[in-house]
Amino acid sequence: MSDNAVQFLSRPITPQPGQPLRVAAYSRIAEAIRTRLLPPGSLLPTETELGIMMDVSRTVIREALMLLEEDGLTRARRGVGRFVADSLPRIGIEKIRPFDQLLGGSEHDVQVKRVLTELQPASEFVAPGISVEPGEECWLWESVLIRNGEPIAHLQEHAPAGSGTGAGSDVDQLASAAELAVRKTLAAQTLLEVLSGLPGQALGPGECEISLSTAGPSRAKLLALRPSDPVLVLTQYVRRSGAPFYLAKCLVAAKAGHLSVIQSA
């Protein structure tokens, strides 16, 4: 294993509020795999070695490695050890996933540049998508996604602000926790990444609608496009505990390249 990989894995792990340590360890190793610090087919360090490197228990590492194998990022050979998969699984729009990760994939790093974070009244369009009444306060996060120094997408994300009348107590508790996370989180994250790391059940199911439009004057400036340039519009709805909880609209410029829609029987 290279010195760069050792240095990357040895950085302190700082889980998001409520995020299990195994998930944080999984994310660190997965990032090393997807950025090829751990090359395809390479032998992973042992559980003990990874635990020492990452300053976590062997149990945490074992659980993280199980998640990696479930996601097809690693494979085990009995009596030999665990290896990085020879080819990484493609992740498409059908999987609930932050858009910066979707547009980056295994070959590119996408940066999140936050341009707006505020509480605002929910519009007639947003309200049913997050289980609040129109005019009720909700979070809006607005970001530009940048790949290789070039803006490729504009992202608007919405979630309840913690007092939704239609969301139900379970979702309402998560929304209250989300408010705290919103105030503390670093700028280089999407709202979905924050929500996914909060305690409780996993988000889902979700739905992503795909349509075409033009950039328009304001978004054209953010994406270095002409207002008339075509964009792909991805509208994502995510539920939690049976109730709508998260709504995002992502405008993707043609320069972002192709997107995969992974389907299963």
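The values are calculated or read from the model by the stated rules, or taken from the named source; none is laboratory data. Quick caveat: nothing in here was measured; it's all calculated off a predicted structure. Note that we place each Cβ from the backbone using ideal geometry, even for glycine, and neighbour counts take in every protein chain shown.
Observations on the structure shown:
- The number of residues in segment 112-147 being surrounded by fewer than 19 Cβ atoms within 10 Å (Cβ to Cβ) and either of a type in the set (S, T, N, Q) or not assigned by TED's automatic domain parsing to the domain that holds A188 (or both) comes to 3.
- Test: E179 is in the same structural domain as R219 (by TED's automatic domain parsing) and at pLDDT 80 or above: no
- Filter result for E49 (free of Cβ contacts under 8 Å to residues at least 24 places away in the same chain and assigned by TED's automatic domain parsing to the domain that holds R22): yes
- Within segment 24-57, tally of residues that are closer than 16 Å to E69 by Cα and part of a loop (DSSP other than H, G, I, E, B): 8
- Which numbered condition L195 fails, given (1) crowded, with 20+ Cβ neighbours inside 10 Å; (2) modelled with pLDDT of 70 or more; (3) part of a loop (DSSP other than H, G, I, E, B); (4) not basic (K, R): (3)
- Only a single item in (1) assigned to a helix (DSSP H, G or I); (2) under 30 Å from L195 (Cβ atoms); (3) touching a residue at least 12 places away in the same chain (Cβ under 8 Å) is not met by V6, and it is number (2).
- Restricting R11, R82 to those that are under 21 Å from G197 (Cβ atoms) and either touching a helix residue (DSSP H, G or I) at 6+ places or on another chain (Cβ under 9 Å) or not in a helix (DSSP H, G or I) (or both) reduces the list to R11.
- Checked against the criterion of being in contact with a Pro (Cβ under 8 Å, 6 or more places away or on another chain), closer than 23 Å to D109 by Cα, surrounded by 14 or more Cβ atoms within 10 Å (Cβ to Cβ) and touching a residue at least 40 places away in the same chain (Cβ under 8 Å), the candidates L38, L73, L44, L67 yield just one match: L73.
Matching residues to (1) at pLDDT 90 or above; (2) charged (D, E, K, R):
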| position | (1), (2) |
| --- | --- |
| Q7 | yes, no |
| T14 | no, no |
| Q19 | no, no |
| R58 | yes, yes |
| D71 | no, yes |
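- Residue that is farthest from the chain's Cα centre (by Cα), among those in segment 220-251 that are under 16 Å from S143 (Cβ atoms) and of a type in the set (D, E, K, R): K221
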